Each structure stands twice: as structure tokens, then as C-alpha cells.
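Undergrad: Encoded as C-alpha cells, here's the structure I'll be asking about.
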Amino acid sequence: MADITRRYTGIFPVAPTIFHEDGTIDLAGQLRVIEFMIDSGSDGICILANFSEQFVLSDEERDMLTVAILKQVAGRIPVIVTTTHFSSRVTAERSKRAQDLGAAMVMIMPPYHGATFRVPEAAIYSYFQTVSDAIDIPIMIQDAPVAGTPLSAPFLARMATEIEQVSYFKIEVPQAASKLREIIRLGGDAIEGPWDGEEAITLLADLDAGATGAMTAGAYADGLKPIIHDYLAGNREAAVERYGRWLPLINYENRQGGLLACKALMKEGGIIACDAPRHPLVPLSPETRAGLLDAAKRLDPLVLRWGK
């Protein structure tokens, strides 16, 4: 059974960023989303992640959202703030700012830009050391294909043992369970948070590998939280049974709807008025939306009822 005495375990969904039809931020809608995510049972929330469309936000918008969301949460649950930037200095400054505003943790990808700009392993190590030196809260390393940067299990484990604040890992690469298992074996107690990612599509395998947390999309923590908590409490059979019921929706979100699925469900449930992404991202097709809603309605999640 997994160690559930660690600081942060359970489900920490990613909050989407809410826009008006004209592309401006809908702050009132954003704060309704945060209230819904708390009511749905989230153990914590992550903001400004890739599924938050962080790459279409200005620095001023990022700061405004961080301030407003942390004020709204007011310490009720922990908030992880994504602070990734190619620059070590900027990432450290963003991370210190998030800490000062009340963030519980920062999540960071290794430095990358476009399809080809990468730095060697020694520079990645120095990058995370620079951020660690600037803050007193945990760093979660996001190991995701979007960065195009190989991060071996031995390298991740070494950073966990040698860099003070590096202690959580969101693993989203192929064969995530095997990598989680290896990181835990190599890093031992320095791996405080081995976490599942990628909308829970590999959740059960990752829990079997020793994951103690999951960062999912934000629409249905009420369905996913019992799976994780049953498993961490030692009741794997109940977790497997629940996971089987929710897997069609998980699969549809991960493979068809992507980062737009969460907002589509929230709009259907009256939580937000507009589920449009910010241009140049394009909306879901009517067919994809219909398939997503069909999968969701079979489960009656809170997201489809909360705003009505």
C-alpha cells in the first residue's frame, strides 16, 4: 500500500482558463470554476498548466489569474502554480512570486523552446537548482512529451536527492508506470510525490507502480477521487471497479476532446457561459462535443449539475 502520510496526495486537477467569446479573460467565470472544483472534492488544484492554455496568456494575465485564484481559494485547499519558462531567472522569479502569494508548490517543465531549442542535462540540473535556491516550497517536475526533452529515471532521481525542493514528479511519457517504478526505486524517500498525469488515462497502472497523486483535467474530480483514495487506502478492487466505470469518459477526454473537453462539460453544466479556447486554438467539433457529452451523461458527474 502506498505511503499516504506525505504532504500532498490524492487528486489535484488542472483548472482551465475561461475566456469570453472575444478572447478576453472571464474572471467571474474563472472563479466559478474554482468554486466548482473545490465542491467536486479536489484535494488541490493546479493552475496555469498546459491544459489551462498557459501558452496563450501574457505575463500580466498569468499574474492576475494567480493573484485572483489564490485569493479565492484562501487556503481551503493547496494550489500548485505552473511557472515554466525557458529562462532559469524568469522561472525562479515566477516561482518566488507564486510562493509569496500562497502557492503550495510550483510545477515546471525542463527548459525548451519550439521543436529544436534544448539544453544539455547539466544545464537542466542547474536550471532546477536555480529555482530551488529561490523558494521554500516543493518543485514538481513535469515530465511530458510536449517538452521534447528526455529526462531519464536516474537523472530525475538524482535531482530529487541533490536539489532540495525537487520532490514531486508528474510523469506523462509513454510507459509512465515503469518510469514511476524506477524513479521510486532509485530515489527512495527523496521521491515525495510520484504522480500520475495525462488525464488519468494511465491512472490504474500508475497507482500500481506507486503513484500517490494524480493531476487530471478539472471536470470530474468527484468521479476520480474515490478511485485514488480507495487505492491509497488499500482497497484496490474497489478502485478497479470504479475505474472501469469512468474509463470511457477518461478515454474520450484524453483521445478526442483534449484540453477543450473540460470546458465543454463545464458549459453544459452551466458553470461557465463560454467554452471557447483562445485563438488560434479552434473549438471542439459538434460531433466530438456530442460524443463527450454522451459519455459524461451516463455517469451523472457533478459538473453537469453544479451550475443549474
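Undergrad: Just give me the residues in the stretch 149-163 being part of a helix (DSSP H, G or I) and aliphatic (A, V, I, L, M), in sequence order. Full working, then the answer.
TA: Quick first cut of the stretch 149-163, residues part of a helix (DSSP H, G or I) only: 153-162.
Once the filter is applied, which keeps residues that are part of a helix (DSSP H, G or I) and aliphatic (A, V, I, L, M), the stretch 149-163 yields Ala153, Leu156, Ala157, Met159, Ala160.
Undergrad: How many of the residues in the stretch 104-120 are more than 21 Å from the chain's Cα centre (by Cα) and surrounded by 15 or more Cβ atoms within 10 Å (Cβ to Cβ)? Write out each step before concluding.
TA: Applying the first criterion (more than 21 Å from the chain's Cα centre (by Cα)) to the stretch 104-120 yields 114-120.
In the following step, the residues that additionally are surrounded by 15 or more Cβ atoms within 10 Å (Cβ to Cβ) were identified as 118-119.
Counting residues in the stretch 104-120 that are more than 21 Å from the chain's Cα centre (by Cα) and surrounded by 15 or more Cβ atoms within 10 Å (Cβ to Cβ) gives 2.
Undergrad: Another one. Would you tally the residues in the stretch 73-101 being hydroxyl-bearing (Ser, Thr, Tyr), farther than 16 Å from Leu57 by Cβ and within 17 Å of the chain's Cα centre (by Cα)?
TA: Of all residues in the stretch 73-101, those hydroxyl-bearing (Ser, Thr, Tyr) come to 82-84, 87-88, 91, 95.
Adding the requirement that they be farther than 16 Å from Leu57 by Cβ leaves 87-88, 95.
Subsequent filtering for residues that are within 17 Å of the chain's Cα centre (by Cα) retains 95.
The qualifying residues number 1.
Undergrad: Something else now. Residue check: is Ile184 in contact (Cβ under 8 Å) with a residue 24 or more places away in the chain and surrounded by fewer than 24 Cβ atoms within 10 Å (Cβ to Cβ)? Before the answer, list the steps.
TA: On the way: in contact (Cβ under 8 Å) with a residue 24 or more places away in the chain: yes; surrounded by fewer than 24 Cβ atoms within 10 Å (Cβ to Cβ): yes.
Yes: the conditions hold for Ile184.
Undergrad: Can I ask one more? Given the conditions (1) out of contact with any strand residue (DSSP E or B) (no Cβ under 7 Å at 6 or more places or on another chain); (2) in a helix (DSSP H, G or I); (3) more than 15 Å from Glu199 (Cβ to Cβ), report the number of the one that Gly270 does not fulfil.
TA: Condition not satisfied by Gly270: (2).
Undergrad: Looking at the stretch 219-240, which of the residues that are in contact (Cβ under 8 Å) with a residue 40 or more places away in the chain and farther than 19 Å from Arg305 by Cβ is surrounded by the fewest Cβ atoms within 10 Å (Cβ to Cβ)?
TA: Gly234
Undergrad: Something else now. Among the listed residues Gly41, Gly75, which satisfies the condition of being assigned to a loop (DSSP other than H, G, I, E, B), surrounded by fewer than 16 Cβ atoms within 10 Å (Cβ to Cβ) and modelled with pLDDT of 95 or more?
TA: Numbers: Gly41 fails: surrounded by fewer than 16 Cβ atoms within 10 Å (Cβ to Cβ).
The conditions single out Gly75.
Undergrad: What residue, of Leu101, Leu48, Leu70, is surrounded by fewer than 22 Cβ atoms within 10 Å (Cβ to Cβ), under 26 Å from Gly258 (Cα atoms) and of a type in the set (A, V, I, L, M)? Quick ask: steps written out before the conclusion?
TA: Working: Leu101 fails: under 26 Å from Gly258 (Cα atoms); Leu48 fails: surrounded by fewer than 22 Cβ atoms within 10 Å (Cβ to Cβ).
Checking each option against the conditions leaves just Leu70.
Undergrad: Suppose we filter Ala221, Ala176, Ala153 for residues that are at pLDDT 95 or above, farther than 24 Å from Ala15 by Cα, of a type outside the set (S, T, N, Q) and touching a helix residue (DSSP H, G or I) at 6+ places or on another chain (Cβ under 9 Å); which single one remains? Walk me through how you get there before you give the answer.
TA: Working: Ala221 fails: farther than 24 Å from Ala15 by Cα; Ala176 fails: farther than 24 Å from Ala15 by Cα.
Among Ala221, Ala176, Ala153, only Ala153 is at pLDDT 95 or above, farther than 24 Å from Ala15 by Cα, of a type outside the set (S, T, N, Q) and touching a helix residue (DSSP H, G or I) at 6+ places or on another chain (Cβ under 9 Å).
Undergrad: Which count do you get for residues in the stretch 19-38 that are over 15 Å from the mean Cα position of the chain (by Cα) and either part of a loop (DSSP other than H, G, I, E, B) or under 16 Å from Ala214 (Cβ atoms) (or both)?
TA: Total satisfying the criteria: 6.
Undergrad: Here are Thr116, Thr161, Thr91: which of them is hydroxyl-bearing (Ser, Thr, Tyr) and in contact (Cβ under 8 Å) with a residue 40 or more places away in the chain? Can you show your working first?
TA: Details: Thr116 fails: in contact (Cβ under 8 Å) with a residue 40 or more places away in the chain; Thr161 fails: in contact (Cβ under 8 Å) with a residue 40 or more places away in the chain.
Just one listed residue meets the conditions, Thr91.
Undergrad: Considering only residues that are assigned to a helix (DSSP H, G or I) and surrounded by fewer than 19 Cβ atoms within 10 Å (Cβ to Cβ), which ones fall in the stretch 191-218? Reasoning before the result, please.
TA: Taking the stretch 191-218 first, the residues assigned to a helix (DSSP H, G or I) are 198-200, 203-208.
Of everything in the stretch 191-218, those that are assigned to a helix (DSSP H, G or I) and surrounded by fewer than 19 Cβ atoms within 10 Å (Cβ to Cβ) turn out to be Ala205, Asp208.
Undergrad: Quickly run through the stretch 157-181 and pick out the residues that are under 13 Å from Ile108 (Cα atoms) and either among the aliphatic types (A, V, I, L, M) or surrounded by fewer than 20 Cβ atoms within 10 Å (Cβ to Cβ) (or both).
TA: Val166, Ile171
Undergrad: So, of the residues in the stretch 241-255 that are free of Cβ contacts under 8 Å to residues at least 40 places away in the same chain and surrounded by 15 or more Cβ atoms within 10 Å (Cβ to Cβ), which turns out to be farthest from Gly218 (Cα to Cα)?
TA: Out of the qualifying residues, it is Arg242.
The values are calculated or read from the model by the stated rules, or taken from the named source; none is laboratory data. Small disclaimer: the values here were computed from a predicted structure and weren't measured. Don't worry about glycine lacking a Cβ; one is built from the backbone with ideal geometry, like all the others, and counts go over all protein chains shown.
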